[in-house]
1. Checking residue 39 against (1) touching a Gly at 6+ places or on another chain (Cβ under 9 Å); (2) at pLDDT below 95, which test does it fail?
2. Hey, could you check the stretch 1-36 for residues that are among the polar types (S, T, N, Q), at pLDDT 95 or above and over 12 Å from residue 93 (Cβ atoms) and say which is surrounded by the fewest Cβ atoms within 10 Å (Cβ to Cβ)?
3. Within the stretch 168-206, take every residue that is touching a residue at least 12 places away in the same chain (Cβ under 8 Å) and among the small types (Gly, Ala, Ser) and give me the one that is farthest from residue 106 (Cα to Cα).
4. Any idea which of 79, 99 is part of a helix (DSSP H, G or I), of a type in the set (Val, Ile, Thr), under 16 Å from residue 138 (Cβ atoms) and modelled with pLDDT of 95 or more?
5. Is it true that some residue in the stretch 133-150 is modelled with pLDDT under 95, more than 27 Å from residue 10 (Cα to Cα) and among the acidic types (Asp, Glu)?
6. Is there a residue being in contact (Cβ under 8 Å) with a residue 60 or more places away in the chain, among the charged types (D, E, K, R) and either more than 27 Å from residue 172 (Cα to Cα) or in a strand (DSSP E or B) (or both) anywhere in the stretch 87-96?
7. Please return the ranges of strands (runs of 3 or more DSSP E) entirely within the stretch 110-197 where 1 or more residues are touching a His at 6+ places or on another chain (Cβ under 7 Å).
8. Select from the stretch 120-152 the residues that are more than 17 Å from residue 181 (Cα to Cα), surrounded by fewer than 18 Cβ atoms within 10 Å (Cβ to Cβ) and touching a residue at least 12 places away in the same chain (Cβ under 8 Å) and list them in ascending order.
Amino acid sequence: MASELELYLKPSELINADNEAIQETAKRLTLGCTCDEERISRLFYFVRDTIKYSVYMISTHPDDFKASTTLARGKGYCVQKAVLLTALGRAAGVPSRLVFAKIRNHRTPAHLMERTGTDVFPGHGYNQFYLHGEWINATATFDRELCLRMGFPMVEFDGTRHATLPTTDLKGNPFIEYLEVYPPRADVPLEWIAERVSLIWGANKRAWLNKENSSSHFESNGL
């Protein structure tokens, strides 16, 4: 098992856990922690709330997925946030990997449904960490500010129990429906992601860093 776990501690081009900013952030956030559960919990809340969620950051380009890039931008969508959390976890010495699922978001905003024509997201990304002898799920997708504004339940994580997106909202209505969960990944499956992103957003989608980018894209494509 020890040799298998080493794979989930290594940096890669996109999960660049050896990047100076990633290393410094992980060290700062976990200072004084006495166990892996506490380390990962602190890293989780940093990514959940400090890195703002934006669906318009969805991309098919590798540059938009690098952990250090997401850290610098301070925003990202689920996969980018999961990649960053994986890098921070590895920088803190905790085996960390990615998981992907096809989900239906029953609370997809009307304007997004209008533009994409779907409430199904085929490449939702989240995390798994090897803690106290098992792999534990953690989803840092929606930040606190967004949850309060939209009335979403917040995902809480203490490093001991699975923490995925809730199936119901605060009023008991359907929220996130997991349609299919795929095998865990040690690295970012770019081709796999690009195939699924292209079905909804078109080929060569780049992260849109401001509203003007998204507006011009939809107008030029007649959406």
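The values are calculated or read from the model by the stated rules, or taken from the named source; none is laboratory data. For clarity, every value in this text was computed on a predicted model and none was experimentally measured. Virtual Cβ from ideal backbone geometry, glycine too; neighbours counted across all protein chains shown.
1. (2)
2. Narrowing the stretch 1-36 to residues among the polar types (S, T, N, Q): 3, 12, 16, 19, 23, 25, 30, 34.
Within this subset, residues satisfying the condition of being at pLDDT 95 or above are 12, 16, 19, 23, 25, 30, 34.
With over 12 Å from residue 93 (Cβ atoms) added as a condition, the list becomes 12, 16, 19, 25, 34.
Details: 12: 17, 16: 22, 19: 18, 25: 23, 34: 7.
This residue is 34.
3. 186
4. Numbers: 99 fails: part of a helix (DSSP H, G or I).
Answer to the check: 79.
5. No, the stretch 133-150 contains no residue that is modelled with pLDDT under 95, more than 27 Å from residue 10 (Cα to Cα) and among the acidic types (Asp, Glu).
6. yes
7. Working: elements: 120-131, 134-138, 176-181.
So the answer is 134-138, 176-181.
8. 132, 144, 145, 146, 150, 151
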